[in-house]
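Asks: Handing you this structure, nothing more for now.
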């Protein structure tokens, strides 16, 4: 029967994953087996058209194998849509850095990263950066990090502060835009700019994720077909109530998942 | 009666978006206003009169990200 083995169409006479490992001189217990994007814990039979990845534990794969292996956990069929998508992330702080990494891990094909700032020590309490990134532009630091996670993402960067008059040029190629700024004025400027200067773009914005209030107060809300907002809508960062990694990450997760849903054609929350 | 942020509100006839925002002390720099599915450009806040069937959502952005 025909199966897809490590990304290649393969003819096999093996009826089970154990047999398949044996035939390739691999030990099941030393191999990570992913079958149809799900990691297998014990043996099972093989069916026609199964997509199987056999990954040797503790061994760096050959480069050509790497792509197929990275995508082994991606759900077949929907992965193509994700790979062909492009997302702009405006603001690479606690929200944007996590959203971009999350989308890169999911396999988004093109990420457009926008920020004007550099990484500083006070960012490390909640942002996806490391000590060795201090002083680097966030765009460059995040690009470096993402390529360590998924070298097959195409990354476009712009070191620029977004304002009303550069929105059109900056975002004209993007279909889905993620607003991940810290400053409320910048948030409003981007959302108003995108939704009044374009008619066919979708924006996923954020408001209210400081402190350590209940996780469950952070929600995704649909304002209209092109405008979504995540957060609790009210808890701003202020003196005595800072931004903390858990809640900022929850909001980032909401935004990233809404973006993923939009990529896959689901426009309800 | 118009509905603003999910609440049915009785307004004086001819009330504009800008008048409503001023009365309720919204910071115009921090908001986006959607009316019946469309975003109202800031330049129209002063002209757009709130009609009785309008469904309006005022999104207020707070700091943090």
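Rule-based calculations on the coordinates, nothing more; no lab input. These figures come from a predicted structure and were not determined experimentally. Using ideal geometry, Cβ is built from the backbone for each residue, glycine included, and neighbour counts are taken over all protein chains shown.
Asks: Give me Rg/Rg_expected for the protein assembly as shown, where Rg uses Cα atoms only and Rg_expected = 2.2 N^0.38 Å with N residues. Could you put the intermediate results ahead of the total?
Replies: Values: Rg = 23.7 Å, N = 334, 2.2 N^0.38 = 20.0 Å.
Relative to the rule-of-thumb radius for its length, the protein assembly as shown sits at 1.18.
Asks: Tilt of helix A:138-149 relative to the longest C-alpha principal axis of chain A, in degrees (0 to 90, nearest 10)?
Replies: On a 0 to 90 degree scale, this one is about 10.
Asks: Oh, and also: How many partner chain Cβ atoms sit within 10 Å of a residue's Cβ in peptide B:55-61, on average, as a whole number? Intermediate values should be presented prior to the final figure.
Replies: On the way: counts 0, 0, 5, 1, 11, 7, 19.
The mean count of partner-chain Cβ atoms within 10 Å per residue comes to 6.
Asks: Quick check: Cα centre of region A:46-104 to Cα centre of region A:6-37, how many Å?
Replies: 20
Asks: Here's another thing I want to ask about it. For chain A, what does the relative contact order come out to in percent, with C-alpha contacts under 8 Å and a separation of six or more? Mind showing how you got there, number by number?
Replies: Working: 505 pairs, mean separation 41.2, N = 269.
Computed over chain A, the figure is 15 percent.
Asks: Find the Cα radius of gyration of chain B, compare it with 2.2 N^0.38 Å by division, and give the number to two decimals.
Replies: On the way: Rg = 11.4 Å, N = 65, 2.2 N^0.38 = 10.7 Å.
For chain B, the normalised Cα radius of gyration comes out at 1.06.
Asks: With axes computed from alpha carbons, what is the tilt in degrees of helix A:245-263 against the longest principal axis of chain A, rounded to the nearest 10 within 0 to 90?
Replies: 70
Asks: To continue, here is another question. Give me log10 I(q)/I(0) at q = 0.11, 0.22, 0.28 Å⁻¹ for region A:2-70, Debye formula, one equal scatterer per alpha-carbon, no solvent.
Replies: Calculated log10 I(q)/I(0) at the listed q: -0.22, -0.96, -1.55.
Asks: Divide, for region A:78-263, the radius of gyration over alpha carbons by 2.2 N^0.38 Å, where N is the residue count.
Replies: Working: Rg = 15.1 Å, N = 186, 2.2 N^0.38 = 16.0 Å.
Rg over 2.2 N^0.38 Å, computed on Cα atoms: 0.94.
Asks: Related question: For a quick protection proxy, order the peptides A:2-15, A:42-55 by their average other-Cβ count within 10 Å, most packed first.
Replies: Values: A:2-15: 13.8, A:42-55: 15.3.
Ranking, from highest mean packing down: A:42-55, A:2-15.
Asks: What ranking do A:181-190, A:156-165 get when scored by the average of other Cβ atoms within 10 Å per residue, highest first? List each step's numbers first, then the result.
Replies: On the way: A:181-190: 22.0, A:156-165: 14.4.
So the order, starting with the most tightly packed, is A:181-190, A:156-165.
Asks: Evaluate peptide A:234-241: per residue, the Cβ atoms of other protein chains within 10 Å of its Cβ; return the mean as an integer.
Replies: Numbers: counts 2, 3, 6, 4, 3, 0, 0, 1.
What the average comes to for A:234-241 is 2.
Asks: Follow-up question, since we're still on this one. What would the Debye formula give as log10 I(q)/I(0) at q = 0.08, 0.09, 0.10 Å⁻¹ for the alpha-carbon point model of region A:1-149, no solvent?
Replies: Listed by q, the Debye log ratios stand at -0.32, -0.40, -0.48.
Asks: Given Cα pairs under 8 Å that are at least 6 residues apart, what percent is the relative contact order of chain B?
Replies: On the way: 86 pairs, mean separation 30.2, N = 65.
Once divided by the residue count of chain B, the mean separation gives 46 percent.
Asks: Sticking with this structure for a sec: Using a 10 Å cut-off on Cβ to Cβ distances, tally the other chain neighbours for every residue of A:90-100 and report the average as a whole number. Show your work: numbers first, answer last.
Replies: Values: counts 0, 1, 1, 2, 2, 2, 1, 0, 0, 0, 0.
The per-residue average across the peptide is 1.
Asks: Also, I was wondering about something else. How would you order A:25-35, B:28-38 from highest to lowest mean count of nearby Cβ atoms within 10 Å?
Replies: On the way: A:25-35: 14.2, B:28-38: 17.6.
Output ranking for A:25-35, B:28-38: B:28-38, A:25-35.
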